[in-house]
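Throughout, read-outs are computed from the coordinates displayed, never taken from laboratory work. Being a predicted model, the structure only gives us computed values, none of them experimental. In this analysis, Cβ positions are derived from the backbone assuming ideal geometry, glycine residues included, and neighbour counts consider all displayed protein chains.
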Amino acid sequence: MAIDQVELGRRLRQAREACGLTQDEIAEHLGVSRPTVAQMELGKRAINSFELDRLAYLYARDIREFLAADFTEDEVVRALFRSDSEADQEGVRQALRDCIALGHELTNLEDLLGITRGVATAAAYSIPTLRSRWEAIQAGEHVALEERRRLGLGSAPVSDLVRLLESQGVRTGVVPMPDDISGLTIAHPHVGLFVVVNSEHGHAPARQRFSWSHEYAHVLLDRSAAGRISRTGDRTDLVEVRANAFAAAFLMPTEGVRQYVATLGKGASSRIHAEIFDEDGVVPVDARTEPGSQSLQLYDVVPLAHFFGVSVLSALYRLRNLRLLSDGEFERLKEQDQERRSDEVRAALGLSPVEGAEHAGEFSRRFMGLALDAYRRDRITKSKLQQLAGRVGISAQTVQMLIESAGLDDSEPEAALAPA
């Protein structure tokens, strides 16, 4: 059933208010006056397809929702858009819009191509209410251990963290965000479970891997909420402390780290005492390791960090928490890392970049593969294909090259089934 102009305006007003946006802000985004926006929402001014598409993006909604027979408030969008009161609120909103828009487009492409998404298989853990940071740390490490057991990972490194998340029914993506945001998790009825990390330059591959693991903790423990934004300013929040503890233990399992350090001939106590028992008595054994022989050096920590796919700083904190580094040793190695000596050691040892660093490219390729197939099968128009490509930073010229390279008809498909 087609809706009239008044009903469309009512829906737009409801969507705007759910996002906490003013008519002045929308007017600025559209390049019109505030009274024009008011007239749109009152149903007294017609809205063209370009404006409706832009408004759907601004409100993090699928454009088809505004034209459907029923229209309901998006509780996920409301919760996420109103969860941040920091100065760079528009930067956060922009990141949320990009994330949800990508999720909507990916879902729509799969629907057009008849691809059935697997039901989310990610586990859900129930943890009592946290009362202290220590409880948060214990809970995070406990769930990391249980999840490793459930997935059969043992104590080995996670080689492809993104693929692991995808195998658990969690969609993944990368978008630019304000620097103090590492990632966010969305649990949306249309988009599904969606984890996104920051693609900005300051978020290096090792940091992104930690962010993937951090957000996975929110999937396992906090997905009853609409979603969470992980930002630096909230690092003392107990839920964030728990997620960070999970990430460290999931990426660097206790036994795996201890085994690695043991292969270096290190990690033992400076004084060793044992009592050998038999039925007639006990034989005490005391020994001392050679002074300094058990001390970890930067040339030990850099390969260890590379092995587990984390930053040197993350590895240092983990080693200290496992009491494999004293506070003094930790400070000494941390200072060396801050002086960029880790880079020198990495280069001298010929260590390659952390694997999984190209997820942004992987996501773009997967997304564009679906879009090109939808175009080939006349499910979307060429203009829609170009629009989708723009969402993942691919230019119209590159799209044209892809079309020609694939041998696809360069003419506009006649029977497009998706809105352009």
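Reachable lysines from LYS334, Cα under 28 Å, same-chain residues fewer than 8 places away excluded?
By straight Cα distance, LYS334 reaches LYS266.
Just to be sure I understand the model, the point goes 7 Å from the Cα along the line to the Cβ. What's the resulting ASP373 to GLU146 distance in nm?
Going from the ASP373 label point to the GLU146 one covers 3.6 nm.
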